[in-house]
Every structure is written in C-alpha cells, then in structure tokens.
1. Starting from the amide H of Thr307, placed 1.01 Å from N in the peptide plane, find each other amide H under 5 Å away whose residue is 5 or more places distant or on another chain.
2. Across every pair of different alpha-carbon atoms, what Kirkwood hydrodynamic radius in Å does the chain reach?
3. Rounded to the nearest 10 degrees, what's the angle between the helix 76-92 long axis and the longest principal axis of the chain, both from Cα atoms, 0 to 90?
4. Where only protein heavy atoms count, and the probe is 1.4 Å, what is the accessible area per residue for the chain in Å²?
5. With both partners inside the chain, how many of the DSSP beta bridges are antiparallel, as a percent to the nearest 5?
6. Hey, what angle do you get for helix 137-149 against the long axis of the chain, alpha-carbon based, 0 to 90 degrees rounded to 10?
7. Summarise the accessible area of region 49-109 (1.4 Å probe, protein heavy atoms) by the percent that is carbon and sulfur.
8. Can you tell me which of 151-164, 207-220 comes out highest on packing, and rank the rest after it, using the mean Cβ neighbours within 10 Å?
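The values are calculated or read from the model by the stated rules, or taken from the named source; none is laboratory data. Please read these numbers as outputs of a predicted model, since none were measured by experiment. We place every Cβ from the backbone using ideal geometry, glycine too, and count neighbours over all the protein chains shown. Calculation scope for accessible area: heavy atoms of the full protein, side chains included, ligands and nucleic acids excluded. Shrake-Rupley method; radii C 1.70, N 1.55, O 1.52, S 1.80 Å.
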Amino acid sequence: MSEHCNCGHHHDHEEKPLSKYEQALSKYRTNISDDEVRNAVRQIIAEKVHENDNLEVKKFLLGSVELTTLKTTDSEDSVLAFTERVNQFDESYPDLPHVATICVYPCFAKTVSESLEVDGVEIACVSGSFPSSQALIEVKVAETALAIKDGATEIDIVMPVGKFLSGDYEGVADEIEELKAVCGEHKMKVILETGCLKTAENIKKASLLAMYSGADYIKTSTGKLEPAATPEAAYVMCQAIKEYYEETGIQIGFKPAGGLNSVMDALIYYTIVKEVLGEKWLTNEWLRLGTSRLANLLLSEVIGEETKFF
C-alpha cells in the first residue's frame, strides 16, 4: 500500500510491510471501543442472565469447574487430600456431574495422576513460569514437558504479556507455538492476563494472536493479579473466538478464571458464552471455569443446602 503526502508525490518506500502477525490481525475487527463492549455486556446481563438462573445450568456449570489449588502452601499432602475430595464426590453425589479438571502446579502432577480415580477428570498444570511467564523459554519448555511426563493432560501457560505490550507479536507467537509443540496432542490454554492488557482492543489482539499460535483455549487471568476475569474481557474474548471460528473453522475453548466468587458470576459468564458463541460452546469441553471457591457455592445451590464439600 502506498501513501500520499502533501508534496503531491507518490511514496512507496515509507510504509513498512505488514508482518505476518499484523496481516493475520488485519482480517479481524480489532479497533473496538471499551464503551461499546461495556454497553453490550450491560445489555446481556440485564436482558438474558435471568433465563439461565436455573438448576440445569448450575449443574452444567458444576461440571465445567476446573477445581484449582495454586497456593504457596500447597504440599503433597494437601494436594492428595484435594484429589481425594474429587474421588469422594463421585461416590457421594453419583447423580451430579463431577468437576471437569483438577488444576495444580507441575510439581504435583504426579500426585494427582497417581491418586485420581474418576474417569473423565482432566489434570491441568499451570506451566511456563506461572504466573509471571518471566523465564527463559528453555525453562518453560522443560517445565511443560515434565508436567506432561508426570501425568498432566492439559497445560495452562501465560502469554508473555510484556512482549505483547511492547509490540513484539512475533516473540509472543513464537513462545506460544514452541510450547504448543511440546504439548502435542495435549490441550493448551493460553492465559492472557486481561487485567494487564487494559483495553478491549488489546484483549482482542491478544486473543487472536494466541489462537493463531496454537492455543486450544484462551483463558482470562491467572487469578494472581487484579483485576482478574471481568465480563467485559470475556465478551471480547468470545467475540474473538467466534470470528476466528468463522475465518478458520477451528473451534477454540474459553476459560474465565480468577475472581469467580459467586454463582451469579458463573451465570454471567455462561450467558455471555451462550449469547456470543451459541450452544456449540455450552459443553464442559469448550467452556471451563477456573476457580477454587465456586464449586462449593454451585453444589450448595444444586442440592439446596450450604455445603463445604471441596
């Protein structure tokens, strides 16, 4: 593309050719305003959430929970007890869906994998120097490979946010591609840490770059920084997933995480997914909720009495 300046001459040499990442992003609408997103989300919440506030949806959401423990104080004993609760849940509530996933640090993959008895529960590990993503790529690769060797069936990595914010899209994409190569057939979630990205435009671009580079899911947040997941970030990410699916035919999963503190929070995310992406995403393969406290709250509402099972 050439530009005209005021001198009346034609200048071909002044515009740098678009990188392949910029070319990929140019296929999508990334110039979105935060106000536009806020208004759309406000409307969805006001008009649609109430129709999903029912027992069936809450049961479904319970089955989409990634039961997460990512504490400094985690130990083999505490993670073993955590996993045992998932085993016991299956016996205590045979008619209810079990959680989708147990999510732990890589050093506990083996503990979970050796003690988990419930079929169909995935073992996710946060990897690649979670939550900062600030490590040499060799360290991230090694940690990811070891987590998989020890039994992780899914990997959650954090996008290199600093690289993204400084415009190094190639560096971002290269890291995600390299870690996806290590994961192979195992599903990889890319955490965007949307609270650091600040604008809807950044969140849209980061979502697209992550998917373009091999993410199987995109995830809002680590839960270690504020703000964590927000309905606005979820809306933008779901829009990106929808446009990417329309462009490529590739279905990508969505995982809000961090700050899911109430059943209403979960219902809002469910409603956004339903309204933006549609029924095809309303399975626990494509929608996951990353949380440590929500499972008990959902279970309490489903069985009709307060419980602290997990």
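1. Ser300
2. Averaging 1/r across every pair of different Cα atoms and inverting gives 20.2 Å.
3. 70
4. 46
5. The answer is about 5 percent antiparallel.
6. 30
7. That fraction is 52 percent.
8. Numbers: 151-164: 22.9, 207-220: 24.9.
So the peptides 151-164, 207-220, ranked by packing, come out 207-220, 151-164.
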